[in-house]
Amino acid sequence: GNREVESKADKVAMSVFMTIREPIQSIVEEELDKLVAKWQPKAAWAILAAPDGNILAMAQRPTYNPNDRRDMTPESSANIIMRDNFEPGSTMKPIVISKAMDMGFVSPNTAFFCENGYWPQYKLRDSHPLGNLNVAGIIQKSSNIGTAKITLLMGEKNLFNTLHMFGFGKRSGIEIGLENTGILHPIRTGDGMTIARLPIGQAFNVTPLQLVRAYCALANHGKLPSMRIVDRLENKEENLVKVFKQPPPRQL
């Protein structure tokens, strides 16, 4: 049975088969090189995942050639996709708003006044002056003020639970390397500001992998998957196959 396969697999050389799709990986590498040539960033990364959590392509710059390690440095060999944190900004809005809709606080047609671009009470600005918008319009126009007003209806506890539920502040459990947790401090109850900052992706940090995983859930009817990059191990001579199965996704 399974134990026998695992026991044999520990003793013989096994070939590793990834979930990575080589043609897609090649396109991602080429596009990342174009981006780096144009903008000259200190670092850049890209992940392409299927909604079920299988990673189809993953690339970063700086990088090195595993076949010629003369250009290998501590920075180019680190896995920044799992190590680095950043403020997610507006990418957080659909995640928080999806849960506000799910809990019945708003529907796509619920209307809010977006303060014509500046809300002094919470020191929030929008990039363009916006008046009355429904929830669908708030996402479409990416309104900071509208998103904050939706979150104030949810309340601090529901907001914090939503961020935790989508996997922020904890490791995804992927089977490669050291994974960062990001930085998500408990909401400072009553400070009045944090609740309006978190839903617009400020005042906390995420890893690239965490953010992609959350969007997999949005794309897959609210099912939060385990991210997966190793598909199976094989040794044809010994007729051995060890498959890395995913646990069932969590329904959010």
Filter the stretch 126-144 for residues that are over 23 Å from the mean Cα position of the chain (by Cα) and surrounded by 14 or more Cβ atoms within 10 Å (Cβ to Cβ); which is nearest to Pro94 (Cα to Cα)? Gly137
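Do we find that Asn116 is open to solvent by 80 Å² or more (accessible area, probe 1.4 Å), without any contact (Cβ under 8 Å) to a residue 40 or more places away in the chain and part of a helix (DSSP H, G or I) in this structure? First the steps, then the outcome.
Working: open to solvent by 80 Å² or more (accessible area, probe 1.4 Å): yes; without any contact (Cβ under 8 Å) to a residue 40 or more places away in the chain: yes; part of a helix (DSSP H, G or I): yes.
The answer is yes for Asn116.
I'd like the residue in the stretch 65-84 that is in a loop (DSSP other than H, G, I, E, B) and either at pLDDT 85 or above or within 25 Å of Pro247 (Cα to Cα) (or both) and, out of all such residues, is most open to solvent (accessible area, probe 1.4 Å). Don't jump to the end; show me each part of the working.
So the first thing to find is which residues in the stretch 65-84 are in a loop (DSSP other than H, G, I, E, B), and the list is 66-67, 72-73, 78-79, 84.
Now drop any that are not either at pLDDT 85 or above or within 25 Å of Pro247 (Cα to Cα) (or both), which leaves 67, 72, 79, 84.
Details: Asn67: 146, Met72: 79, Asn79: 52, Asp84: 48 Å².
Among them, the one singled out is Asn67.
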Residues within the stretch 143-169 that are under 17 Å from Leu130 (Cβ atoms) and in a loop (DSSP other than H, G, I, E, B), tallied: 1
Pull up the stretch 155-168, narrow it to residues that are among the polar types (S, T, N, Q) and touching a residue at least 24 places away in the same chain (Cβ under 8 Å), then point me to the one that is surrounded by the most Cβ atoms within 10 Å (Cβ to Cβ). Thr162
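Would you mind finding the one in Arg197, Arg213, Arg171 that is surrounded by 19 or more Cβ atoms within 10 Å (Cβ to Cβ), under 28 Å from Pro248 (Cα atoms) and among the basic types (Lys, Arg)?
Working: Arg197 fails: under 28 Å from Pro248 (Cα atoms); Arg171 fails: surrounded by 19 or more Cβ atoms within 10 Å (Cβ to Cβ).
Step by step, each of Arg197, Arg213, Arg171 is checked, and only Arg213 is surrounded by 19 or more Cβ atoms within 10 Å (Cβ to Cβ), under 28 Å from Pro248 (Cα atoms) and among the basic types (Lys, Arg).
Select from the stretch 221-251 the residues that are in a loop (DSSP other than H, G, I, E, B), open to solvent by 40 Å² or more (accessible area, probe 1.4 Å) and not charged (D, E, K, R) and list them in ascending order. Full working, then the answer.
We begin by selecting, within the stretch 221-251, every residue in a loop (DSSP other than H, G, I, E, B); these are 221-222, 225-227, 229, 236-239, 244-249.
Applying the additional criterion that residues be open to solvent by 40 Å² or more (accessible area, probe 1.4 Å) yields 221, 236-239, 244-249.
Answer for the stretch 221-251, where residues must be in a loop (DSSP other than H, G, I, E, B), open to solvent by 40 Å² or more (accessible area, probe 1.4 Å) and not charged (D, E, K, R): His221, Asn239, Phe244, Gln246, Pro247, Pro248, Pro249.
The values are calculated or read from the model by the stated rules, or taken from the named source; none is laboratory data. Please read these numbers as outputs of a predicted model, since none were measured by experiment. Note that each Cβ is placed from the backbone with ideal geometry, even for glycine, and that neighbours are counted across all protein chains shown. Side chains included, ligands, DNA and RNA excluded: accessible areas come from the protein's heavy atoms. Shrake-Rupley method; radii C 1.70, N 1.55, O 1.52, S 1.80 Å.
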